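Please treat every number below as a calculation from the coordinates, not as lab data. All of these numbers come straight from a predicted model, not from anything done at the bench. Cβ coordinates were reconstructed from backbone atoms using ideal geometry, including for glycine residues, and neighbour counts include every protein chain displayed.
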Amino acid sequence: MKIIKNYKKIIKGLYADNLYKNSFYLMLSTIVNGLLGFVFLMIATHIYSSQDVGIYSALFSVMSLIILFSMSGGFNNTIMRFIPTISESERSDLIYSSFMIHIFIVAIISLIFVFFVDIFSSKLIFLKDLFYWIYFCFVHYFFSSIRIV
């Protein structure tokens, strides 16, 4: 019983510290994301054909890889480093600039992938049929985001 009381005190102490509490929430969100993705794929395998689930998995992997490559610029670290030290107007400019550079990098990598999709994966060649529609939506989104911010 004494050991359980000590664990309760330790957990309450850790929960009182914002660093540990936020770290716990980040870990919990990662776990919940993984579990929801797993449950979704279990349900999708019963509803859709194996070819459709395979295409979904390939597209999800490609999107994850594009996001990973686009985040390699270090913009997240730049924002975390400079946000606390700059003024409010410079803060919004920094966030806006980082956002726009990130969108540009994602667009370039996505365009490269769509142009060479027949080399990377012949099963995803249907993306070329949708390319002009996706391009139109992206351009519309880009100009709308400039107008909003």
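Observations, loosely collected:
- Using the Cβ-Cβ distance between K9 and L35 with R0 set to 41 Å, the FRET efficiency from 1/(1 + (r/R0)^6) comes to roughly 0.85.
- Available extension along the chain between R81 and Y25 is 18.0 nm, counting 0.36 nm per residue and deducting the alpha carbon span.
- Start at zero, step by 10 Å, and the Cα-Cα distances of the stretch 1-64 spread as 18, 28, 21, 16, 15, 2 percent across the bins.
- Estimated FRET transfer efficiency (I108, N18; beta-carbon r; R0 30 Å; 0.05): 0.20
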